[in-house]
1. Going by accessible area, probe 1.4 Å, with all protein chains left in place, what is the ranking of His171, His111, largest first?
2. Which far-off residues, 5 or more places away or on another chain, put their amide H under 5 Å from the one on Ser211, with H placed in the peptide plane?
3. For Trp210, Trp42, give me the order by solvent-accessible area with a 1.4 Å probe, most accessible first, ignoring ligands, DNA and RNA.
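The values are calculated or read from the model by the stated rules, or taken from the named source; none is laboratory data. Predicted model, so just to flag it, every value in this text is computed and none were measured. For accessibility, only protein heavy atoms count, side chains too; no ligands or nucleic acids. Shrake-Rupley method; radii C 1.70, N 1.55, O 1.52, S 1.80 Å.
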Amino acid sequence: MKYLAQSWQTLRHHLNPSCAFCGETRIPGYPLCQHCHAELPWLSVEDQRPLPGCTASVSAFAYQAPISSLLLGIKFGRNLRELATLGELTATGILPQLTQVPDAILPVPLHTARLHKRGFNQALELARPLAKQLGIPLLTRPIQRRKFTLPQTELDASQRQHNVHQAFQLHTPLPYRHIAIFDDVITTGATARELAAVLRAQGVAQVDIWSCARAILRQKHELDAQIDYH
């Protein structure tokens, strides 16, 4: 059944010539038209300062419209069609920035209560095209989010770090030396840094932090209060 769903998604992608955003003719083999592609808030390596506690930090987009609206629609509206499109665009933004390919990608896990309520982990789904194109595994089982944390948007920077302290638990040893943590949105990076600390404590030598979007040079009052920032 899963194979049939994937086959239908691929077939629909090739048969539909319309841009996923505006409906105009899209670039062949790509979900957007030239105009919509150019209007996206793409980030380059030069736009991003490193996050403490990681080897490299790479994001595809600044957290601005229309990416911010897409992420909200996915997270709260369960728009899985847009999730697939955004995953493809995220890979397009991240891949040219990489200087090294990690051994595996670890999407930030959701607590089971949130996963059951939402029905999917958006970080995992957004990371799928990256893992496929790089030919590396997605790690979905070794680490569990054991602590049900408060929404990060309600907290300041120091409270966010305390909120996620000891939130993750490793169940099985990881046979990898270089892992990229992937999240949908990065602001202070508190969640990703906590997860990186768990990996380093287990002997992972190199930890990168990747995301679909990152809040760049923005103040707390400018951030959208609806999204559960990490």
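1. His171, His111
2. Amide H neighbours of Ser211: Val58, Ser59, Ala60, Asp183.
3. So, going from the largest accessible area down, we get Trp42, Trp210.
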